[in-house]
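Quick one: structure below, then a few questions.
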Amino acid sequence: MGWLTTSLNRSIGKKFVMALTGSLLMLFLIIHLIGNLTLYGGREAFNGYVETLEVVKPVVRVIEVILALIFIYHIFNGVRLWWENKKAKPDKYAINANKEITTFSSRTTIVTGSIIFIFLVLHLSTFWYQFNISGHPETGSFEFYDIVTYWFNQPVYSIVYIIAVLLLGFHLNHGFQSAFQTFGWNKKRYFPTIKLIGTIYALIISLGFASIPIYFLLTGGK
Amino acid sequence: MSGEHLNITLKIWRQNSPNDNGQFEEFKVSISPDASILEMLDELNNNLEREGKRPVAFESDCREGICGTCGIVINGHPHGPLPKTATCQLHMRNFKDGDVIYLEPFRAAAFPIIRDLIVDRSAFDKIQQAGGYISFNTGGAPDANTIPIGKDVAAEALDAAECIGCGACVAACKNSSAMLFVGAKVSQYALLPQGQPERYKRVQTMVAAMDEAGFGSCTNTYACEAECPKGISIMNIARMNRDFIKSKIVEQEVDI
Ligand code: HEM
Ligand code: SF4
Ligand code: FES
């Protein structure tokens, strides 16, 4: 195992971990979004979807643990890289020309990542906790659709949610192409296509998630 | 030749020794647009010496863009604002009368400042010594084309070999990552038959030396490619990543 830890702690190893965990999280986001879109089908469709998940609960629990580990490794490694990279560049230039030649998304992964993390804590302590443990914050019932309407009819909660998923979009816009580059799966020929797909993916995910609280704010749900 | 002299205000980083706190010092110069940045500094230094002041320390050698010795951060751009141009090849005609120009050394923890605009880039030598060569004797030069190499492959290897080891990629990177340099050095051998026997060992030893020297990790922001005076492509970093991962999984010869 010695070689594995040494390898994963090399610069490229740490990058590889970021790309691998990031890619798995990107896959998870697609599944999560598809599930959430059942909210557009109304109460029956959404509750039906969540109840299907209840049937396979043991599997869901295992996936949740794996996801948590992936998140923790991604965050731990991301913060470590950010800290080491800061130490490698202790002094700044009088004029910062980096703004002209690099993308906003790529310069702000630690900021967008940290905000996603704060949002994640909020998200788990509301939706996850109430779906799994406490039920509706007022009635205590496990009427899932009502829990969703309870939160998304609160403008402050919805706006925080929307801002967080839009920032997630920036993280993904950089992360998608970055993962390909980190894996070494990149050629001049198709790099522009990878970047384009990454931007489309980031738009679908962030606008897809953001559309739901907007829908509830506008219609109050069905 | 062309035009009037330009009046330029220079803000130059002055730092006596590695542990000193440096600061910018202002100079006013009037310079021909045909002079290069380095010739302007030569003229400034002549004047400073005449006045009995300490001249500005900077490095240069070939002054034709091939040795990689020169390297100044000019208005935030390593080697200046002109793409694919080394400092020594940058002429004052690219600036306007009345411009203020900031001249700073490359900044990176792995490149300590020696004096003024000169930094210690011996970390690059250590990376090279860790595997940037072919260790068997190739004998006399063989006849051309005895080992057939496709034109596209040869071109890509030569593009990688264009790296002059100047360190601008490190200077440009917000993480002081040296991955463009190491990617180029790894690639120039990885693409050619002569580099194959040591291909996967090389990538491991060079990456290890890079990490030990205190360079940061690439976050794929690609500032390096934009600032590199030789236009080295980030696809060389992708190749290095690919070979490194392969070396660990399928092609591993040694554990490093
Ligand atoms: C659903 C959530 C997330 C997804 C899908 C995701 C995805 C990604 C991807 C694909 C990358 C690019 C990997 C590479 O450079 O090859 C990345 C990088 C990064 N992520 Fe995340 N991430 C998520 C959450 C977070 C969180 C919560 C943090 C907390 C700090 C974070 C911090 C970072 C940092 C700092 C990087 C840059 C690492 C580097 O390039 O060195 N991410 N992320
Ligand atoms: S990759 Fe470009 S910037 Fe980096 S050392 Fe080589 S020539 Fe200089
Ligand atoms: S002095 Fe040789 S590259 Fe500029």
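Using +1 on the beta carbon of Lys and Arg, -1 on that of Asp and Glu, and nothing else charged, what's the dipole of the protein assembly as shown about the Cα centre, debye to 20?
The dipole of the protein assembly as shown has a size of about 660 debye.
Can you tell me the dipole magnitude for the range A:1-97 around its Cα centre, using point charges on the Cβ only (Lys, Arg +1; Asp, Glu -1), in Debye to the nearest 20?
On the way: 11 positive and 6 negative charges, 132 e Å.
Charge dipole, the range A:1-97, about its Cα centre: 640 debye, nearest 20.
Order the peptides B:110-116, B:9-15 from the highest to the lowest mean number of other Cβ atoms within 10 Å of their residues.
Top to bottom by mean Cβ count within 10 Å: B:110-116, B:9-15.
Could you tally the net charge around residue B:242, taking each other residue with its Cβ under 13 Å from the Cβ of residue B:242, Lys/Arg +1 and Asp/Glu -1?
+4
Find the all-direction average of the projected area of the Cα convex hull for chain B, expressing the result in square nanometres with one decimal place.
Details: hull surface 66.4 nm².
If you wrap the Cα atoms of chain B in a convex hull and average its projections, you get 16.6 nm².
Please give the helix A:155-183 orientation as an angle from the longest Cα principal axis of chain A, in degrees from 0 to 90, rounded to the nearest 10.
The answer is roughly 40 degrees.
In sequence order, what are the phi-derived ³J(HN,Hα) couplings for the range A:20-25 according to the Karplus relation 6.51 cos²θ - 1.76 cosθ + 1.60 with θ = phi - 60°, rounded to whole Hz, with x for glycine and proline?
Here the 3J(HN,Hα) series is 5, 5, x, 5, 5, 5 Hz.
At 0.36 nm per residue, and after removing the present C-alpha to C-alpha distance, how many nm does the segment from residue A:99 to residue A:132 gain when stretched out fully? Each step should come with its number before you reach the end.
Details: separation 33, 0.36 × 33 = 11.88 nm, distance 4.46 nm.
Length difference between fully extended and current span is 7.4 nm.
Rounding to the nearest 20 debye, state how big the charge dipole of chain B is about its Cα centre with +1 on each Lys and Arg Cβ and -1 on each Asp and Glu Cβ. Could you put the intermediate results ahead of the total?
On the way: 25 positive and 33 negative charges, 105 e Å.
In debye, rounded to 20, chain B gives about 500.
Cross-link partners among aspartates and glutamates for residue A:195, C-alpha distance below 12 Å, same-chain residues fewer than 8 apart left out?
Within the straight-line limit of under 12 Å, residue A:195 reaches no aspartates and glutamates at all.
List, in order, the whole-Hz ³J(HN,Hα) value for each residue of the range A:184-198 obtained from phi through the Karplus relation with A = 6.51, B = -1.76, C = 1.60 and θ = phi - 60°; use x for Gly and Pro.
Computed from phi, the couplings for the range A:184-198 are x, 8, 8, 9, 3, 4, 10, 4, x, 5, 4, 4, 5, 4, x Hz.
Hey, what did chain A get for relative contact order, percent, Cα under 8 Å, at least 6 apart?
It rounds to 27 percent for chain A.
May I have the pair-distance distribution P(r) for the range A:1-110, computed from all Cα-Cα distances with 10 Å bins from 0 and rounded to whole percent?
That works out to 11, 29, 26, 19, 11, 3, 0, in percent per bin.
Amide H of residue B:76 versus every other amide H placed in the peptide plane: which residues, excluding those fewer than 5 positions away on the same chain, fall under 5 Å?
Hits under the 5 Å cutoff: A:95.
Let me ask you something else. Suppose the Debye formula is applied to equal point scatterers at every Cα of the protein assembly as shown; what is log10 I(q)/I(0) at q = 0.06, 0.07, 0.08, 0.11 Å⁻¹?
Relative scattering, expressed as log10 I(q)/I(0), comes to -0.37, -0.48, -0.61, -0.96.
Helix B:235-249 versus the longest principal axis of chain B: what is the Cα-based angle in degrees, 0 to 90, to the nearest 10?
40
Please tell me which of these pairs span more than 25 angstrom C-alpha to C-alpha: A:99/B:126; A:99/B:151; A:89/A:188; B:53/B:84; A:14/B:126?
Table pairs above 25 Å Cα-Cα are A:99/B:126; A:99/B:151; A:89/A:188; B:53/B:84.
Another question, if that's okay. With unit charges on the beta carbons (Lys and Arg positive, Asp and Glu negative) and the dipole taken about the Cα centre of the protein assembly as shown, which residue among A:199, A:26, A:47 sits farthest to the positive side?
A:47
Please compute the alpha carbon radius of gyration of the range B:74-145, then divide it by the globular-protein estimate 2.2 N^0.38 Å. Two decimals is fine. Before the final figure, lay out each step's value.
Values: Rg = 18.8 Å, N = 72, 2.2 N^0.38 = 11.2 Å.
For the range B:74-145, the normalised Cα radius of gyration is 1.69.
Any idea of residue A:149's accessible area? Nearest 10 Å², probe 1.4 Å.
Number for this one is 20 Å².
Once the convex hull of the alpha carbons of the range B:112-256 is built, what does its volume come to per residue, in cubic angstrom?
Enclosed volume per residue, from the Cα hull, is 127 Å³.
May I pose another question? Inside 10 Å of the C-beta atoms of B:205-217, what's the mean count of C-beta atoms belonging to other chains?
Across B:205-217, the average partner-chain Cβ count within 10 Å equals 4.
Quick one: which residues, 5 or more positions from residue B:177 or on another chain, have an amide H under 5 Å from its amide H? H modelled 1.01 Å from N in the peptide plane, none for Pro or chain starts.
B:216
Over every pair of different alpha-carbon atoms in the range B:179-256, take the mean of 1/r and invert it; report that Kirkwood radius in Å.
It works out to 12.8 Å.
How far, in degrees from 0 to 90, does helix A:109-123 lean away from the longest principal axis of the Cα atoms of chain A, to the nearest 10?
Helix A:109-123 sits at roughly 20 degrees to that axis.
Can you put B:125, B:152 in order of accessible area, largest first, using a 1.4 Å probe? It would help to have the intermediate numbers written out before the result.
Numbers: B:125 80, B:152 105 Å².
Ranked from most to least accessible, the order is B:152, B:125.
On to the next question. Over the whole of B:236-243, what's the average partner chain Cβ count within 10 Å per residue? Rounded to a whole number, please.
Numbers: counts 0, 6, 10, 3, 2, 11, 6, 2.
Per-residue shielding by partner chains comes out at 5.
Given 5 Å bins starting at zero, what is the percent of C-alpha pairs of the range A:129-175 in each, up to the one with the largest pair distance?
With 5 Å bins starting at 0, P(r) equals 5, 21, 19, 16, 16, 12, 7, 3, 0.
Using a 1.4 Å probe, what is the accessible area per residue for chain A, in Å²? Spell out each step's value before the answer.
Details: 11670 Å² over 222 residues.
Each residue of chain A exposes 53 Å² on average to a 1.4 Å probe.
The values are calculated or read from the model by the stated rules, or taken from the named source; none is laboratory data. Keep in mind that what you see is a predicted model, and the values were worked out from it rather than measured. Cβ atoms come from the backbone with ideal geometry, glycine included; neighbour counts cover every protein chain shown. What goes into the accessible areas is simple: the full protein's heavy atoms, side chains included, and nothing from ligands, DNA or RNA. Shrake-Rupley method; radii C 1.70, N 1.55, O 1.52, S 1.80 Å.
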